[in-house]
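The values are calculated or read from the model by the stated rules, or taken from the named source; none is laboratory data. On a predicted model such as this, the values are computed, not experimentally measured, just so you know. Here the Cβ is made from the backbone with ideal geometry for all residues, glycine too, and neighbour counts use every protein chain on show.
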Ligand code: ATP
C-alpha cells in the first residue's frame, strides 16, 4: 500500500506559511494532481513528501509509516523535476542506473535489503529504457538528446528504483505545446502500467484536467477543493476555484437575490436579472448579496433579461468568444461559429441557462448553489 497522507501538515519559512494545515490523502495507485497558481505552496508540499524539507507541524504518512523523521533516501519514493537534473557527463544508461548504485533494495524473498548486482542493475535499466522507448539511446549523453528524450530519461531514472510512489514537479514545463500534449498521454499510460501512486504538481489546469484521477486545488498554502476534474468544473466549492478552473474562466458578477412571484432570481445592478432555476436552495432570502457565476458556454446572446453591449468578438475557428460589457464588469459568451456574430458596439440581451448558474456567498466566497 502506498497512499500518501497529509494530516494537518503546516510548513513555515520564517513568517511565510507555505503549506497551511493541509489534510489530504493521495490514494494507493491514484494519479493526484496538486494544482494552483505560482507561489501557492505546491512545490513545498511535494518537497515535504520527498523529505527535502522538514514539516513544521502535522503528520505525513507514506503507506502505514509516519515519515516525518524518515530521511529522504529511506522514503521509497522517486521525484521527477522540471529541470530533469540529468548528469551531463554520463550516458543515458548511466543516468538511469544512478539511483541504483548506492541504495539497498528489498530483492525477491531476501530477508535483508542489499545492494543490487551489476547484472540486476543492467536488467532494471533495460526494463526502464524499454518502457520509455529509450533502448536505442542508451549510449548517448544528455547533450545529444531532444528535450522530450531528456524528459523520458528523467522518467526512466525515476521508475528504475521501483518506488512505492512518484512525485512530479512540473515535469512538462520545458516542452513545447505539441510534445507536452503527447507526453501527457504517455504519463497517463505510464501510470496505468506501473499501477503506482502519482503525486503531480502543476499550475497548468489542462495538465490537471487531462491526467488526474483527482485534482487538489491549492491557494495560499491551503486546500480549496479536491475532486475529479468534472466535479471540480461542475461544482466549484468557492470563488477561487470557480475563477481558476475553466478557460475562458467562469463569469462572476455581484448580484442580489430577488424572490419574484415565489421564484428566485439574481438581480445584477443596472443590467437586469437571471432566473436561478430549481437548484437555488429552498428558503434563500430576498435581498441576499451573492456572486452569480455562469460559465461562458451556458450564456446565450438574444432573448434574455440581462442587457449588455458587445465589446469584441474573438474567432477561434471552431468557436467564438463574445466579450460583453456590463455596468458590473465584463462577461464572455462562448458559442459555436454558426450564423452571424453580433458586431462590436451592438446592444444585446443575454440568457443564462437557469440550471447551469452558480451562486456564491459574497462575503465568504463559499458556494451556495
Ligand atoms: P511555483 O509554481 O512558482 O513553483 P509553488 O506553488 O510551487 O510555486 P512554493 O515554491 O511551494 O510555491 O512556495 C510557496 C511559498 O513559500 C512562496 O511564498 C515561497 O516564496 C515560499 N518559499 C518556498 N521555499 C522557501 C524557502 N526555502 N525559504 C523561504 N521561503 C520559501
Condition first: farther than 21 Å from residue 253 by Cα, part of a loop (DSSP other than H, G, I, E, B) and more than 16 Å from the ligand (Cβ to nearest atom). Now tell me which residues in segment 217-238 satisfy that.
228
Among the residues of segment 31-45, write down those that are more than 15 Å from the ligand (Cβ to nearest atom) and touching a helix residue (DSSP H, G or I) at 6+ places or on another chain (Cβ under 9 Å).
31
For residue 126, indicate whether it is more than 16 Å from residue 86 (Cα to Cα), more than 16 Å from the ligand (Cβ to nearest atom), in contact (Cβ under 8 Å) with a residue 24 or more places away in the chain and surrounded by fewer than 18 Cβ atoms within 10 Å (Cβ to Cβ).
no
Per the list (1) under 30 Å from residue 140 (Cβ atoms); (2) surrounded by fewer than 20 Cβ atoms within 10 Å (Cβ to Cβ); (3) within 12 Å of the ligand (Cβ to nearest atom), residue check on residue 53 breaks on (1)
Among the residues in segment 2-9, are any within 16 Å of the ligand (Cβ to nearest atom), closer than 23 Å to residue 191 by Cα, surrounded by 18 or more Cβ atoms within 10 Å (Cβ to Cβ) and without any contact (Cβ under 8 Å) to a residue 60 or more places away in the chain?
yes
With the structure loaded, tell me whether residue 175 is closer than 24 Å to residue 47 by Cβ and at pLDDT 90 or above or whether it fails that test.
no
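I'd like to check something: does segment 197-207 contain any residue that is under 17 Å from the mean Cα position of the chain (by Cα) and more than 16 Å from the ligand (Cβ to nearest atom)?
Keep residues of segment 197-207 that are under 17 Å from the mean Cα position of the chain (by Cα), which gives 197-207.
If we keep only those that are more than 16 Å from the ligand (Cβ to nearest atom) as well, we get 197-198.
Yes, segment 197-207 contains at least one residue that is under 17 Å from the mean Cα position of the chain (by Cα) and more than 16 Å from the ligand (Cβ to nearest atom).
Would it be correct to say that residue 162 is more than 22 Å from residue 198 (Cβ to Cβ) and not in a helix (DSSP H, G or I)? Step through it out loud before you land on a result.
Working: more than 22 Å from residue 198 (Cβ to Cβ): no; not in a helix (DSSP H, G or I): yes.
No, not satisfied.
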Checked segment 14-30 for anything within 14 Å of the ligand (Cβ to nearest atom) and without any contact (Cβ under 8 Å) to a residue 24 or more places away in the chain; matches are 14, 15, 16
Looking at (1) within 30 Å of residue 246 (Cα to Cα); (2) within 13 Å of the ligand (Cβ to nearest atom); (3) loosely packed, with under 14 Cβ neighbours inside 10 Å, find the lone condition where residue 48 falls short.
(3)
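If I go through segment 239-258 residue by residue, how many of them are over 24 Å from residue 323 (Cα atoms) and surrounded by fewer than 18 Cβ atoms within 10 Å (Cβ to Cβ)?
Taking segment 239-258 as the starting set, the residues that turn out to be over 24 Å from residue 323 (Cα atoms) are 257-258.
In the following step, the residues that additionally are surrounded by fewer than 18 Cβ atoms within 10 Å (Cβ to Cβ) were identified as 258.
The qualifying residues number 1.
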Within segment 259-274, is even one residue more than 21 Å from residue 246 (Cα to Cα), surrounded by 14 or more Cβ atoms within 10 Å (Cβ to Cβ) and in contact with a helix residue (DSSP H, G or I) (Cβ under 8 Å, 6 or more places away or on another chain)?
yes
Given segment 277-369, what strands (runs of 3 or more DSSP E) lie entirely inside it while holding 3 or more residues that are in contact (Cβ under 8 Å) with a residue 40 or more places away in the chain?
289-294, 299-315, 329-336, 347-352, 357-361
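Might you let me know whether segment 102-123 holds any residue that is in contact with a strand residue (DSSP E or B) (Cβ under 8 Å, 6 or more places away or on another chain) and at positive phi? Give the steps one after another, and end with the answer.
Quick first cut of segment 102-123, residues in contact with a strand residue (DSSP E or B) (Cβ under 8 Å, 6 or more places away or on another chain) only: 104-105, 107, 113-116.
This time we only want the ones that are at positive phi, so: none.
No, segment 102-123 contains no residue that is in contact with a strand residue (DSSP E or B) (Cβ under 8 Å, 6 or more places away or on another chain) and at positive phi.
Can you work out which of the residues in segment 135-149 that are touching a helix residue (DSSP H, G or I) at 6+ places or on another chain (Cβ under 6 Å) and in a loop (DSSP other than H, G, I, E, B) is surrounded by the most Cβ atoms within 10 Å (Cβ to Cβ)? Give the derivation first.
First pass over segment 135-149, keeping only residues touching a helix residue (DSSP H, G or I) at 6+ places or on another chain (Cβ under 6 Å): 135, 137-138, 140, 142, 148.
Narrowing further to those that are in a loop (DSSP other than H, G, I, E, B): 138, 140.
On the way: 138: 18, 140: 15.
My answer is 138.
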Could you say whether any residue in segment 170-186 is in a strand (DSSP E or B), within 24 Å of residue 17 (Cα to Cα) and either out of contact with any helix residue (DSSP H, G or I) (no Cβ under 7 Å at 6 or more places or on another chain) or within 16 Å of the ligand (Cβ to nearest atom) (or both)?
no
Test residue 368 against the stated conditions and say whether it is within 27 Å of the chain's Cα centre (by Cα) and at pLDDT below 95.
yes
Working carefully through the options 121, 152, 114, 180, find the one that is surrounded by 15 or more Cβ atoms within 10 Å (Cβ to Cβ) and farther than 30 Å from residue 43 by Cα.
121
